[in-house]
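Notes follow the structure.
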Amino acid sequence: MKHYGLIGYPLTHSFSKAYFTEKFEREHIEDTMYDFFPIEHISELPKLLRSNPDICGLNVTIPHKVSVLKYLDWIEPDAKNAGAVNCIRISAESPVLAAFSGEVGIKGHDFRLEGFNTDIYGFEMSLRPLLKDYHDQALILGDGGAAKAVKCVLENLGINFRLVTRKPIGDNLLFKDLQPHHIKQHLLIINTTPLGMHPNIDEYPPIPYEAITDRHLLYDMIYNPEKTKFLEKGEARGATIKNGYEMLVLQAEKSWEIWTSKQKHP
């Protein structure tokens, strides 16, 4: 039995579990399962792997996307640049595992842990078809974990961006200071905050929506509901809109590709 799963805490809902369970059934992938592995502290990872030697791959969600980095033997360049990992490939091809809390290896098993960020791939592939030449300036709403992949992609695409946050962080713009001219200057606006996510569907980021035009592209990383208030307000002004569902599908398929790949990394 090959075992895959999701680590994070709490795990009350997961797109990944439902997606992979349906995928395994639909594609007749046998002797394979995807489970929740709720761990409150990342220091519990060694115990999890020792207790489940059949785990071949893990997805990682909040709050462990950053803290898991120190447990990995190898990290892909984009994930390292973003400073976050959401996919781990586990192999038994190396006799050495990075030390876990002073222990060398996981007793009884030899693992190699490789870290990837498939959110980067998913976001870029879902965004690219919508971009026009004039989408060269972006506003990223929020600066939490979800923003890390967005920043990496925009940097790779050569799109300049400003972060918009509630509290001062570096040279970030504050939501309370956001003016119509900021909206007019930035024709790509990406919401990485949870504002508007089910069940709080009446919430939305506080930006000057009256300045949005039909040249704007609004991307919301939320997928439930399908159309958030943020997207509704943009659509009402003629903007192109996109939710985060396709990104999730793409990142899930990329995770599967990584887990089943024979490619070796140094």
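Is it fair to say residue 89 is surrounded by 15 or more Cβ atoms within 10 Å (Cβ to Cβ), under 23 Å from the mean Cα position of the chain (by Cα), modelled with pLDDT of 95 or more and not in a loop (DSSP other than H, G, I, E, B)? For residue 89, the condition - surrounded by 15 or more Cβ atoms within 10 Å (Cβ to Cβ), under 23 Å from the mean Cα position of the chain (by Cα), modelled with pLDDT of 95 or more and not in a loop (DSSP other than H, G, I, E, B) - is met.
For residue 225, the requirement of being part of a loop (DSSP other than H, G, I, E, B) and exposed (fewer than 13 other Cβ atoms within 10 Å of the Cβ) is not met. For region 140-147, indicate whether the set of residues that are free of Cβ contacts under 8 Å to residues at least 12 places away in the same chain, in a loop (DSSP other than H, G, I, E, B) and either closer than 16 Å to residue 244 by Cβ or out of contact with any helix residue (DSSP H, G or I) (no Cβ under 9 Å at 6 or more places or on another chain) (or both) is non-empty. Checking region 140-147: not a single residue is free of Cβ contacts under 8 Å to residues at least 12 places away in the same chain, in a loop (DSSP other than H, G, I, E, B) and either closer than 16 Å to residue 244 by Cβ or out of contact with any helix residue (DSSP H, G or I) (no Cβ under 9 Å at 6 or more places or on another chain) (or both).
For residue 201, the conditions (1) closer than 20 Å to residue 128 by Cα; (2) surrounded by fewer than 19 Cβ atoms within 10 Å (Cβ to Cβ); (3) touching a helix residue (DSSP H, G or I) at 6+ places or on another chain (Cβ under 8 Å) all hold with the exception of (1).
Checking the condition among the polar types (S, T, N, Q), out of contact with any helix residue (DSSP H, G or I) (no Cβ under 7 Å at 6 or more places or on another chain) and in contact (Cβ under 8 Å) with a residue 12 or more places away in the chain, which residue from 51, 14, 67 passes?
None of the others qualify; the one that does is 14.
Screening residue 218 against (1) of a type in the set (A, V, I, L, M); (2) without any contact (Cβ under 8 Å) to a residue 40 or more places away in the chain; (3) in a helix (DSSP H, G or I) leaves a single unmet condition, (3).
Residues in region 167-198 that are basic (Lys, Arg) and either loosely packed, with under 12 Cβ neighbours inside 10 Å or under 21 Å from the mean Cα position of the chain (by Cα) (or both): 167, 176. Within region 238-256, one or more residues are aromatic (Phe, Trp, Tyr), more than 16 Å from residue 190 (Cβ to Cβ), at pLDDT 95 or above and not in a loop (DSSP other than H, G, I, E, B).
Among the residues of region 53-62, some residue qualifies, meaning at least one is part of a loop (DSSP other than H, G, I, E, B) and among the charged types (D, E, K, R).
The values are calculated or read from the model by the stated rules, or taken from the named source; none is laboratory data. No experiment lies behind these values; they were computed from the predicted model shown. As a convention, Cβ positions derive from the backbone with ideal geometry for all residues, glycine included, and neighbour counts pool all protein chains shown.
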